[in-house]
1. Are any of the residues in region B:69-80 surrounded by fewer than 16 Cβ atoms within 10 Å (Cβ to Cβ) and more than 30 Å from A:A138 (Cα to Cα)?
2. Evaluate the following for B:A44: is it surrounded by 15 or more Cβ atoms within 10 Å (Cβ to Cβ), within 14 Å of another protein chain (Cβ to nearest Cβ) and part of a helix (DSSP H, G or I)?
3. Of all residues in region A:106-138 being small (G, A, S) and touching a residue at least 60 places away in the same chain (Cβ under 8 Å), which is nearest to A:L95 (Cα to Cα)?
4. Assess whether B:V59 counts as being of a type outside the set (K, R), over 24 Å from A:A48 (Cα atoms) and within 14 Å of chain A (Cβ to nearest Cβ).
5. Residues in region A:72-98 that are polar (S, T, N, Q) and loosely packed, with under 11 Cβ neighbours inside 10 Å: how many?
6. Kindly provide the set of residues from region A:99-134 that are β-branched (V, I, T), more than 14 Å from chain B (Cβ to nearest Cβ) and surrounded by 18 or more Cβ atoms within 10 Å (Cβ to Cβ), ordered by number.
7. State which residue pairs qualify: first residue without any contact (Cβ under 8 Å) to a residue 40 or more places away in the chain and inside region A:75-91, second residue of a type in the set (V, I, T) and assigned to a helix (DSSP H, G or I) in any location, beta carbons under 7 Å apart, and separation of 6 or more residues or different chains.
8. Which numbered condition trips up A:F69, out of (1) surrounded by fewer than 14 Cβ atoms within 10 Å (Cβ to Cβ); (2) more than 10 Å from chain B (Cβ to nearest Cβ); (3) more than 16 Å from A:A113 (Cα to Cα)?
Amino acid sequence: MNRPNDLILRTTTQLIAFILLGFSVYLFFAGHNAPGGGFIGGLMTAAAFILMYMTYGFEKIEKILPLNFRILAVTGLLIAVLSGVGSFVFGEEFLSHSFGYFHLPILGKTELATAMIFDLGVYLVVVGITLTIILSIATDSHEDPYEDAGV
Amino acid sequence: MLEEFGSQLLSVVIIVCYITLAISILLLVIRAFKGPSNADRAVAIDTIGVNMMALTGLVSIQLVTDKLNDVVLLIGILLFIGTIAIAKFIEKGVIID
């Protein structure tokens, strides 16, 4: 098969992947009162990673981004559960959340909510699960280095 | 008087645009089913997504809200990635190599 010429894709991906990651961070922090939140932010991050995988191939990104996405998903689940358990410390019911207004140096008066910690867990779970599903379908024939370890 | 005419005109124009987009999507669905080659289907699905972005913009005009602007951007980005995946599948046969 002739070698495809994808110079334009390779060049624009370097820019577009970073725009996507920035947009995902914006969506993650825009949640709670506007469209956005952990789920769609995680999906956007996964889309950026998948664009990089599609452009540069599995081996190269595996070297640049040496993450085990299954461990990422479990870590996110742990953060989400701990943010629920943390409400027991203050004598509240499971998954109770609170918020407060603080004066931060650059941002000024900012609303900080503990639901953000739960959202961070959702974000990590979505990134981990999405990339695990897509990469395990896409790289069916490859050797899985984590398969023997059982994680 | 003029303001009232303007808002009535806007609501009529929005309904006309909905109908036009519906016809356009219907024709594109026919193309995506029948399309002689896979490239025709890829272009049809891509254009359905563009119509979906236009539909979201129209809904945001009708509801007089700016919350849907992120949704338009999001649909555009996912559409871009989907189009690249389909193009790479047609070209090479694998999506992630």
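1. Looking for residues that are surrounded by fewer than 16 Cβ atoms within 10 Å (Cβ to Cβ) and more than 30 Å from A:A138 (Cα to Cα), one finds at least one in region B:69-80, hence yes.
2. No: the conditions fail for B:A44.
3. Within region A:106-138, the subset small (G, A, S) is A:108, A:113, A:115, A:121, A:128, A:136, A:138.
This time we only want the ones that are touching a residue at least 60 places away in the same chain (Cβ under 8 Å), so: A:113, A:115, A:121, A:138.
Working: A:A113: 13, A:A115: 9, A:G121: 13, A:A138: 37 Å.
Among them, the one singled out is A:A115.
4. Values: of a type outside the set (K, R): yes; over 24 Å from A:A48 (Cα atoms): yes; within 14 Å of chain A (Cβ to nearest Cβ): yes.
Considered against the rule, which asks whether it is of a type outside the set (K, R), over 24 Å from A:A48 (Cα atoms) and within 14 Å of chain A (Cβ to nearest Cβ), B:V59 comes out as yes.
5. 0
6. Here is the first cut: in region A:99-134, the ones β-branched (V, I, T) are A:106, A:110, A:114, A:117, A:122, A:125-127, A:129-130, A:132-134.
In the following step, the residues that additionally are more than 14 Å from chain B (Cβ to nearest Cβ) were identified as A:106, A:110, A:114, A:117, A:122, A:125-127, A:129.
Scanning region A:99-134 gives A:V122, A:V125, A:V126, A:V127, A:I129.
7. A:S83/A:I117
8. (1)
The values are calculated or read from the model by the stated rules, or taken from the named source; none is laboratory data. Just so you know, these numbers come straight off a predicted model, no measurement behind them. Quick reminder, even Gly has a Cβ in these numbers, built from the backbone with ideal geometry, and neighbours come from all protein chains shown.
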